[in-house]
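Q: I'd like to ask you about the structure that follows.
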2 protein chains.
Amino acid sequence: MTRANTTRPAIRVLLGEEIAMGPGKAELLQQIRQTGSISAAAREMEMSYRRAWMLVDTMNRCFKKPLVQTATGGKRGGGARVTKFGKDVLRRYLEMEQRAAASVEREMTEFRRLLSR
Amino acid sequence: MTRANTTRPAIRVLLGEEIAMGPGKAELLQQIRQTGSISAAAREMEMSYRRAWMLVDTMNRCFKKPLVQTATGGKRGGGARVTKFGKDVLRRYLEMEQRAAASVEREMTEFRRLLSR
């Protein structure tokens with residue numbers, strides 16, 4: 001998860017105890033969109049297929065409509081695509097992240113001067 | 001960590017691979033400030049003394065000056081106080097968090113309408 005290695009604000013949208021959307025799930029959505037497959041996305045992110053599948057399941061349950069649609073009957077993992085709704089959720093999420101990051105850009109620069117190196 | 005159960009943007013300030021400051025460390029600083037003790041702060045946050053001590057150690061190493069000063073020679077944990085520098089770091093961090101949250105308040109309200117309940 002390359003995104004974790006930045007200092008931009010990480011937004012986690014919670015639904016009860018569950019993280020409906022966060023940096024890891026957003027990255028997974030982007031990878032599924034690019035690869036068309038949960039297992040390929042999992043490989044890209046160096047996580048197990050099982051974990052990727054669980055993250056997708058959580059997202060699909062937490063939102064009103066599915067974000068990812070999986071094709072059944074295929075090989076392990078089959079094909080997967082990000083729905084129109086999922087693309088809208090992802091776009092909104094990334095926009096929030098960008099906006100939050102921009103809002104503290106100057107303060108973050110000052111803050112980082114307090115670090116030891 | 002009560003702060004985790006909110007949807008405000010969580011800011012993690014990284015120094016290399018380490019989290020110099022984040023929601024958990026900020027909460028710990030606040031608890032040390034209130035209780036004057038690492039062990040009491042750990043209890044409040046339901047974490048082990050060892051873990052709290054390690055978080056303090058990471059903070060103190062990641063910043064130019066110590067954020068927490070510990071009194072040696074006392075009982076386990078002894079006394080601890082947040083330095084003036086630590087209070088400044090904490091204030092700046094909390095201000096960034098607030099600013100980031102305010103910047104996406106409207107978008108977050110809209111986003112949450114996409115959740116399933």
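Q: On the basis of being touching a residue at least 40 places away in the same chain (Cβ under 8 Å), more than 8 Å from chain B (Cβ to nearest Cβ) and of a type in the set (D, E, K, R), does A:ARG81 make the cut?
A: yes
Q: For a quick check of your reading of the model, give me the residue pairs whose first member lies in the stretch B:97-117 and is more than 7 Å from chain A (Cβ to nearest Cβ), whose second is not in a strand (DSSP E or B), with beta-carbon atoms closer than 6 Å and at least 6 apart or on different chains.
A: B:GLU97/B:ILE11; B:ALA101/B:ARG8; B:ALA101/B:PRO9
Q: Now for a separate question. Filter the stretch A:48-65 down to residues that are away from every other protein chain (no Cβ under 14 Å) and in contact (Cβ under 8 Å) with a residue 12 or more places away in the chain, then give me how many there are.
A: Number of matching residues: 5.
Q: Cβ-Cβ below 6 Å, separation at least six or inter-chain, first residue in the stretch B:12-26 and surrounded by 19 or more Cβ atoms within 10 Å (Cβ to Cβ), second in a strand (DSSP E or B) and among the small types (Gly, Ala, Ser): which pairs?
A: Filtered contacts from the stretch B:12-26: B:VAL13/B:ALA20; B:PRO23/B:ALA10.
Values in this text are rule-based calculations from the coordinates and carry no lab data. All values derive from a computational prediction rather than experimental measurement. A quick note on method: Cβ atoms are made from the backbone with ideal geometry, for glycine too, and the neighbour counts reach across all protein chains shown.
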